[in-house]
Amino acid sequence: MRTETGIRTLELGVALASTYMVAVTLIQTSLYGKLKPWIMKVLGPILAMLGGDTAFLDLVILGLVLALCFTFWRRGDEAGFGRLFSLNMLMFFPAVIDFSMFNWVNLIFPYDPAPKADILWVFGVGLLLQATYLFLRYTVRFRGIRHELTERGAEAADVDEVSKGQMVYLAELVAGTTLISAGVYYGVPFLKDLLWAEASGLPYPHMIIGVACSFLIAAALILYLRSERRKAPADEKIPVEEPESFAIS
């Protein structure tokens, strides 16, 4: 029981930390600064009615977001954590748009992209969201396995040992994923120049024709396999048993 309580406590800490960090990032984005006067028109009268100061709008939004995070965590199921992840990604979206080379939101809703957050900060929050998604997705499964083992009559000590091993595996998985993502982020600028230098010496017509032919061959092979799969059940003949003949004596 203590092990499951510890897992739930870790889930709460990870969920609150990721939601808090992404909410702070949202407040520093240009899109939020553009929409803040509109938000003030909606929440400003409510704050004034409650006796609060409109200068604390950012703190109010932060508190509402953390309250939603706690509500989703309290459910403790995969659907609740899925909603939490969707909420975090929705708040993280303006930060991605600020550093995007194609800001299509600016084409629809013109504003001046001037983020207050550093690009490394945004990258770190993105890694945190990725680690949070992996962590919560697996802990839900681990708790389900615990209940299943308990219902089958397993001893509580053995179930706790299984959960501890799973949590160690999850920690290694999250750490490995984070390190690989960080390595790709820092290694791409160095590999870009190297790959471009190597690719510049290749004949472009041959590359284009080769890639196009490879895709055509792969598509034809997939269509052929699908047609054979559909044809196989139709070609199977159902054996018909002949009725036994009875001699009339």
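The values are calculated or read from the model by the stated rules, or taken from the named source; none is laboratory data. This structure is a prediction, so every number in the text was calculated from the model and none was measured. Neighbour counts run over all protein chains shown; Cβ positions are idealised from the backbone, glycine included. Protein only, heavy atoms only, side chains kept; ligands, DNA and RNA dropped before computing areas. Shrake-Rupley method; radii C 1.70, N 1.55, O 1.52, S 1.80 Å.
Tabulated data for the structure shown
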{"read-out": "Whole-Hz couplings from phi, Karplus 6.51/-1.76/1.60, listed for region 74-90; x for Gly and Pro", "value": "5, 4, x, 10, 5, 5, x, 5, x, 5, 5, 5, 5, 4, 5, 5, 5"}
{"read-out": "Label-to-label distance, nm, for residues given as Phe99 and Tyr186 (7 Å Cα→Cβ offset)", "value": "1.5"}
{"read-out": "Accessible surface of Lys192 - all protein chains present, 1.4 Å probe, nearest 10 Å²", "value": "140"}
{"read-out": "Nearest-0.05 FRET efficiency for Asp118 and Asp160, computed from C-beta distance (R0 41 Å)", "value": "0.45"}
{"read-out": "√(5λ) per eigenvalue of the Cα gyration tensor, region 71-173, largest first, Å", "value": "40, 15, 8"}
{"read-out": "Selection of GluC sites (Glu not before Pro), region 53-159, meeting DSSP coil and at most 12 other Cβ within 10 Å", "value": "Glu155"}
{"read-out": "Exposure of Trp121 as accessible area (Å², to 10), given a probe of 1.4 Å and all protein chains", "value": "100"}
{"read-out": "Gain upon complete extension [Leu68, Ala171; 0.36 nm per residue less C-alpha separation]", "value": "34.5 nm"}
{"read-out": "Equivalent ellipsoid semi-axes, region 12-81, via Cα gyration tensor eigenvalues times 5, rooted, Å", "value": "25, 15, 10"}
